[in-house]
Amino acid sequence: MTPPAAVLDEISFLARAPSRVRILVFLSESGPTTKRELRGQLSQSRSTISRGVDSLVEAGWLRERSDRVELTPTGALVIQEFLGLAETMATAEELSPFLEWFPVSEFDLAVEEFQSGTVTGAVDGDPYAPARKHTNRIRTAERLRALLPSIGQNAISEIHRRILAGDLEATLIVSSSVETRIRTTQLAPQFEEMLSTDRLTVLVTESVPFFLGLVDDRTTQIGVEDDNGIPRALFETDAEAVREWAEALFADYREASSSRLTEL
């Protein structure tokens with residue numbers, strides 16, 4: 001339902017004047033105060049504070065008593081909800097590089113669950129930031145379970161190093177195209193060495209929708225690619241709800257895997 005025009009006008013009235021927002025926030029945190037104290041605390045001119053207070057009084061969000069200014073109950077509700085909206089918008093902006101490519105509607109996970117995590121996006125100056133973030137996490141992991149729709153040399157080299165050192169155990173569920181790449185490229189010797197340690201399990205399934213990493217017993221990573229297979233963003237969280245969803249999804253793919261890679 002589209003909000004009434006009058007409501008949108010009131011949101012715009014507040015959003016287009018940061019000084020009004022700062023006045024409301026200060027009063028919500030500090031309680032009633034004088035215009036003079038508002039000027040000092042907010043480092044604003046007398047005219048700016050006067051205009052801001054007068055307009056907020058007219059809106060019914062502030063009232064003046066003697067020489068003091070205070071929030072009305074309506075004003076307290078308005079600033080509380082406005083700050084919530086601002087936080088939601090900031091979160092949406094941060095998650096945008098990830099949500100653009102993650103098929104939320106196809107999986108049983110509410111978009112609200114992503115608010116507790118962080119996103120590392122690929123940008124023009126640093127297109128490999130998501131892959132580097134993932135590789136850095138592997139450096140301290142003791143256990144890794146992952147769905148791999150594609151495969152990167154740096155991450156595999158780090159997995160190889162830690163498995164051969166006896167520091168990591170890993171279970172990888174790969175797509176059939178990734179299996180082909182493992183068998184037919186320079187990755188084959190590394191996988192042969194890792195498989196010989198019994199610290200690596202590689203299962204094969206027809207396709208994998210996105211990168212999913214379960215690191216140790218807490219951290220969950222989800223990586224997304226664009227239509228050309230280029231990594232676009234890595235989402236990372238310790239949220240329990242996301243972890244439970246990831247555990248169930250990994251178990252489904254493990255059960256549905258068609259074969260196990262035992263030798264090359």
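The values are calculated or read from the model by the stated rules, or taken from the named source; none is laboratory data. Predicted model, so just to flag it, every value in this text is computed and none were measured. A quick note on method: Cβ atoms are made from the backbone with ideal geometry, for glycine too, and the neighbour counts reach across all protein chains shown.
Quick notes on this one:
- Only listed residue being modelled with pLDDT under 90 and either under 13 Å from the mean Cα position of the chain (by Cα) or farther than 20 Å from N228 by Cβ (or both), chosen from D108, D167, D126: D108
- In segment 34-153, counting only strands (runs of 3 or more DSSP E) that sit wholly within it, the ones holding 2 or more residues that are touching a residue at least 24 places away in the same chain (Cβ under 8 Å) and farther than 30 Å from V7 by Cβ span 118-121, 143-148.
- Identity of the residue in segment 170-195, among the polar types (S, T, N, Q) and assigned to a strand (DSSP E or B), that ends up modelled with the lowest pLDDT: S175
- Qualifying residue in segment 214-227 (condition: at positive phi and in the same structural domain as T118 (by TED's automatic domain parsing)): yes
- S55 vs. criteria outside the structural domain of Q115 (by TED's automatic domain parsing) and closer than 30 Å to Q115 by Cα: no
- Criterion: of a type in the set (V, I, T), out of contact with any Asp or Glu (no Cβ under 7 Å at 6 or more places or on another chain) and surrounded by 21 or more Cβ atoms within 10 Å (Cβ to Cβ) - qualifying residue of T120, T180, T140: T120
- Against the numbered list (1) modelled with pLDDT of 90 or more; (2) under 36 Å from the mean Cα position of the chain (by Cα); (3) farther than 30 Å from G121 by Cβ, T33 comes up short only at (2).
- Scanning segment 236-262 for residues that are in contact with a Gly (Cβ under 8 Å, 6 or more places away or on another chain) and assigned to a strand (DSSP E or B) returns E236, T237.
- Residue list for segment 1-18, filter: surrounded by fewer than 17 Cβ atoms within 10 Å (Cβ to Cβ), assigned to a helix (DSSP H, G or I) and not charged (D, E, K, R): A5, A6, V7, L8, I11, S12, F13, A15, P18
- Residues in segment 46-83 that are more than 14 Å from L14 (Cα to Cα) and exposed (fewer than 13 other Cβ atoms within 10 Å of the Cβ) were compared, and the one that is nearest to the chain's Cα centre (by Cα) is P73.
- Residue in segment 49-63 that is at pLDDT below 95, over 18 Å from R16 (Cβ atoms) and basic (K, R) present: no
- The number of residues in segment 66-92 being charged (D, E, K, R) and modelled with pLDDT of 90 or more comes to 3.
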